[in-house]
Amino acid sequence: KSSRHSKALRALGVALLPAGAGCSREAPLPPPSSDSAAVDRQGQAFVEAMKPRRPGKPVVAVLARNENTETTDFLLSHAVLQRSGVAQVQAVAPRRGRVSLYPALQVEVEQDLHGFDKTHPAGADYVIVPALDDADDPAITRWLQQQAAKGARIIGVCAGGLIVGRAGMLDGRHFVTHWYFREDVLERHPSARFVPHRRYVVDGNVATTTGITASMPAMLALVEAIGGRARAQALAAELGVASWTPVHDSSAFGLNTTRVASYLLAKAAFWRNEHWEAAVRDGQDDIALALAADAWSRTGHVHVTASGAGPVTLKSGLRLVTEAAEPGRDRMPLTPDVPPAQQLDRTLCEIASRFGEARSEWVRIEMEYPGRPACSGSPASSADLLSSQRS
């Protein structure tokens, strides 16, 4: 796997990989532990490590890079924390204004890094770092180092671990990241120690998560740390999430000949480049929109943009950039009658119906989603990532 392939996946959200790439260079992973008590202890260790250290409502900065920031990593993390009500949540970017999300959508961010520092001279309590298209942006690296020096806990979501590592925060630490970037992190930081079979881990002031959909359980665990177990449970029920346990089967994700062959065959045989619109209005749910737009865009067949009469204010308060609707374009389906976190199951079933099971499976793997939705007409069940209630 070349660095060019890595950059392409980060920047475009579409993996065009040769057969045999990916996990073949890695040592086999140990089997997942069946020790539920150990898993509970690790989940509780995250909660304890992330408890607020200062009086008052903690400040959470959700970082973006104007040129490209992963859609779900950013929108979902921001929305869950904003909806929780347990913290002051601020989206920040190197420059005020438009942030292009990949693989779909654009938002307006009102606070730049300098402005954040003026408003919060003591620094953030937590900084959320999603996957960005450039892990070596010096302005972001410096700012993260400054925030950490002021006492902020840094949470790298998905391939955000690359950015956290570039800031010098993974050397000698335990970590997880999106399965595709595990080798990249280890090559850059040989003293870092990968922890298999965990959705999120914490080591000192730094936490990291696995791939894209891990943002949901990790943010709920952070809500629990800040606002308590009852608040996290209430929010999880509202979102349609039954569990935010760190348990994860890392061995289920990676590349093999069958997966790569299925992906390339489907692309070659049925390639189409459809431009779809996500019709949005004020109050649109960020989480459902992010999961659906991200998944459809990762099929390689669909380009999704938001359509409306003007900028739309999402449920979290973020401003979504829209363009005028065009007659004849397909609409991206959204299911209003399910909790927002369960939109992904519905979307994966719709992808399977339109583009085939192999393509739906590829999207699930790329989003590192352990759920296997029932697509036989029964209601969608968020069966793994968003289920198995933690007691």
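The values are calculated or read from the model by the stated rules, or taken from the named source; none is laboratory data. The structure displayed is predicted, hence computed values, not measured ones. In this analysis, Cβ positions are derived from the backbone assuming ideal geometry, glycine residues included, and neighbour counts consider all displayed protein chains. These area figures cover heavy atoms from the full protein model, side chains too; ligands, DNA and RNA do not enter into them. Shrake-Rupley method; radii C 1.70, N 1.55, O 1.52, S 1.80 Å.
When the Cα positions of Thr209, Val80, Thr305 are compared along the charge dipole of the chain, Thr209 comes out farthest toward the positive end, with charges on each C-beta of Lys, Arg, Asp and Glu. Normalised by 2.2 N^0.38 Å, where N is the number of residues, the C-alpha radius of gyration of the range 304-356 stands at 1.34.
When the Cα positions of Ser376, Pro58, Trp296 are compared along the charge dipole of the chain, Pro58 comes out farthest toward the positive end, with charges on each C-beta of Lys, Arg, Asp and Glu.
When the surface is traced with a 1.4 Å probe over the full set of protein chains, Thr119 keeps roughly 90 Å² accessible.
With a 1.4 Å probe and every protein chain left in place, work out the accessible area per residue of the range 140-179 in Å², rounded to a whole number. Here the residues of the range 140-179 average 26 Å² of exposed surface.
Computed from point charges on the beta carbon alone (+1 for Lys and Arg, -1 for Asp and Glu), the dipole magnitude for the range 131-228 about its Cα centre is near 340 Debye. Ranked by solvent-accessible area (1.4 Å probe, protein heavy atoms only, all chains present), the residues Glu350, Glu366 order from largest to smallest as Glu350, Glu366. Considering only Leu29, Leu235, Leu63, the Gaussian network model of the chain with Cα springs below 10 Å gives its largest mean-square fluctuation to Leu29.
The Cα-based radius of gyration of the range 18-166, divided by its Kirkwood radius, gives an Rg/Rh of 1.02. Label sites at Ala279 and Gln88, each approximated as a point 7 angstrom past Cα along Cα to Cβ, lie 4.0 nm apart. A 1.4 Å probe over all protein chains sorts Asp285, Asp337 by accessible area into Asp337, Asp285, starting with the largest. Rounded to the nearest 20, the Cβ-based charge dipole of the chain about its Cα centre (Lys and Arg +1, Asp and Glu -1) stands at 600 debye.
When the surface is traced with a 1.4 Å probe over the full set of protein chains, Phe194 keeps roughly 50 Å² accessible. Selection among Ala325, Ala358, Val129 by position relative to the dipole of the chain gives Val129 as farthest towards the positive end (Cβ unit charges, Cα centre). Accessible surface of Trp362, taken over heavy atoms with a 1.4 Å probe and every protein chain present, rounds to 10 Å². With every protein chain in place and a 1.4 angstrom probe, the accessible-area ranking of Cys349, Cys158, Cys375, largest first, reads Cys375, Cys349, Cys158. For the chain, a Kirkwood radius taken over Cα pairs fed into Stokes-Einstein (20 °C, viscosity 1.002 mPa s) yields D = 103 µm²/s. For the chain, the share of accessible area belonging to carbon and sulfur comes to 52 percent (1.4 Å probe, ligands and nucleic acids excluded).
Here the 3J(HN,Hα) profile of the range 173-184, calculated from phi with Karplus coefficients 6.51, -1.76 and 1.60 at θ = phi - 60°, is 10, 6, 8, 9, 7, 3, 3, 5, 9, 4, 5, 4 Hz, Gly and Pro shown as x.
Within the range 51-171, DSSP assigns beta bridges of which about 25% are antiparallel (rounded to the nearest 5). Springs between alpha-carbon atoms under 10 Å, Gaussian network over the chain: tell me which of Leu81, Leu113, Leu320 tops the mean-square fluctuations. For the chain, modelled as a Gaussian network with Cα springs under 10 Å, the answer is Leu113. For the range 291-304, the Karplus equation 6.51 cos²θ - 1.76 cosθ + 1.60, evaluated at θ = phi - 60°, returns couplings of 5, 5, 5, 4, 5, 4, 5, 6, 5, x, 9, 10, 10, 10 Hz by residue, with Gly and Pro reported as x.
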